[in-house]
Amino acid sequence: MPEEYENLAESAQETIQERHQEARAESYRPAWLETLAVSTALFAVLAAFASLKAGDSANEALYRANQAVLQQTQAVDTWSQFQADSIKKYQAQSLIILLPHVGGSAAEVAAAKQQVASRQKTQDALLVEAKQRDAETAKLSKESEGLLARHTRYALSVTLFQVAIGLAAIAALLRRQPLWWLSLGVGAGAVAALVVGLL
């Protein structure tokens, strides 16, 4: 009988040790999981920054595009005024030619010449203004396109950060280090897209 009790005690002790080792094995966290947590947190912070920059770039691009439309509208108005003054100037030039033939006075011819000179002066100023507005329109449109391209790079960066975070989460749940390495690679691509966007 005492031998039976000894075997039961030994068996119980072995069972306890096995269960203890199993519990330890289940609670064991590989060292790389600590680094995975840090890299994931860093990716989340960088994703938030990239998202902020993407929104800022998109808003600024829309603002510049709206300013370009405004400048274009003002340029069209200026060109229209230029054309109207041009027509009035040619009418006054026609009057200068016709007035002597239809009995117009010297004062009327002088007034028509003065009107031609005045219209020419106005046209010269309008021409400069219209060209400036056209140049400003082109400049604002180009700036808007550049900002939209920057927005695209930031948006790509945000997407890659989100993919890297997702891969890291799967790697942590499955305890598969190769997935974490893949996450780091995607995260490096996201950092590269962010840096290109900042430049």
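The values are calculated or read from the model by the stated rules, or taken from the named source; none is laboratory data. The structure displayed is predicted, hence computed values, not measured ones. No Cβ is skipped: glycine too gets one built from the backbone with ideal geometry, and neighbour counts run over all protein chains shown. The protein model used for the area step is the full one, side chains on, heavy atoms only, and it has no ligands, DNA or RNA in it. Shrake-Rupley method; radii C 1.70, N 1.55, O 1.52, S 1.80 Å.
Of all the listed residues (L95, L127), the sole one being surrounded by fewer than 17 Cβ atoms within 10 Å (Cβ to Cβ), farther than 30 Å from L62 by Cβ and not acidic (D, E) is L127.
Surrounded by 18 or more Cβ atoms within 10 Å (Cβ to Cβ), modelled with pLDDT under 90 and basic (K, R): is that true of K113 in this structure? No.
When A190 is tested against (1) open to solvent by less than 60 Å² (accessible area, probe 1.4 Å); (2) modelled with pLDDT under 90; (3) among the small types (G, A, S), just one condition goes unmet, and that condition is (2). Of the residues making up segment 81-101, just one is among the hydroxyl-bearing types (S, T, Y) and touching a residue at least 12 places away in the same chain (Cβ under 8 Å), namely S86.
Scanning segment 35-50 for residues being of a type outside the set (A, V, I, L, M, F, W, C) and open to solvent by less than 60 Å² (accessible area, probe 1.4 Å) gives a total of 2.
In the set (1) surrounded by fewer than 17 Cβ atoms within 10 Å (Cβ to Cβ); (2) over 45 Å from the mean Cα position of the chain (by Cα); (3) of a type in the set (D, E, K, R), the condition left unmet by K142 is number (2). Considering segment 51-92, and only residues there that are among the basic types (K, R) and open to solvent by 40 Å² or more (accessible area, probe 1.4 Å), the residue that is farthest from Q114 (Cα to Cα) turns out to be K53.
The rows are residues; the columns are (1) closer than 28 Å to A188 by Cβ; (2) assigned to a helix (DSSP H, G or I); (3) among the polar types (S, T, N, Q).
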{"site": "L36", "(1), (2), (3)": "yes, yes, no"}
{"site": "F43", "(1), (2), (3)": "yes, yes, no"}
{"site": "A50", "(1), (2), (3)": "yes, yes, no"}
{"site": "A65", "(1), (2), (3)": "no, yes, no"}
{"site": "V69", "(1), (2), (3)": "no, yes, no"}
{"site": "D85", "(1), (2), (3)": "no, yes, no"}
{"site": "Q91", "(1), (2), (3)": "no, yes, yes"}
{"site": "L98", "(1), (2), (3)": "no, yes, no"}
{"site": "G104", "(1), (2), (3)": "no, no, no"}
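For segment 150-158, check the following and say yes or no: at least one residue is under 30 Å from T35 (Cα atoms), at pLDDT 85 or above, aliphatic (A, V, I, L, M) and loosely packed, with under 13 Cβ neighbours inside 10 Å. There is no residue in segment 150-158 that is under 30 Å from T35 (Cα atoms), at pLDDT 85 or above, aliphatic (A, V, I, L, M) and loosely packed, with under 13 Cβ neighbours inside 10 Å. Among residues of segment 102-120 that are over 22 Å from S86 (Cβ atoms) and among the polar types (S, T, N, Q), those with a beta-carbon under 9 Å from a residue that is open to solvent by less than 70 Å² (accessible area, probe 1.4 Å) and in a helix (DSSP H, G or I) at least six positions away or on a different chain give the pairs S105/L99. Of all the numbered requirements in (1) of a type outside the set (S, T, N, Q); (2) open to solvent by 50 Å² or more (accessible area, probe 1.4 Å); (3) free of Cβ contacts under 8 Å to residues at least 60 places away in the same chain, L167 misses one, and that requirement is (2). Take G185 and tell me if it is exposed (fewer than 14 other Cβ atoms within 10 Å of the Cβ) and within 18 Å of L42 (Cβ to Cβ). In short, yes.
For (1) in contact with a Phe, Trp or Tyr (Cβ under 7 Å, 6 or more places away or on another chain); (2) modelled with pLDDT under 90; (3) farther than 21 Å from E143 by Cα, each residue gets a yes or a no:
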site: E34; (1), (2), (3): no, yes, yes
site: A47; (1), (2), (3): yes, no, yes
site: A54; (1), (2), (3): yes, no, no
site: E60; (1), (2), (3): no, no, no
site: Q81; (1), (2), (3): no, yes, yes
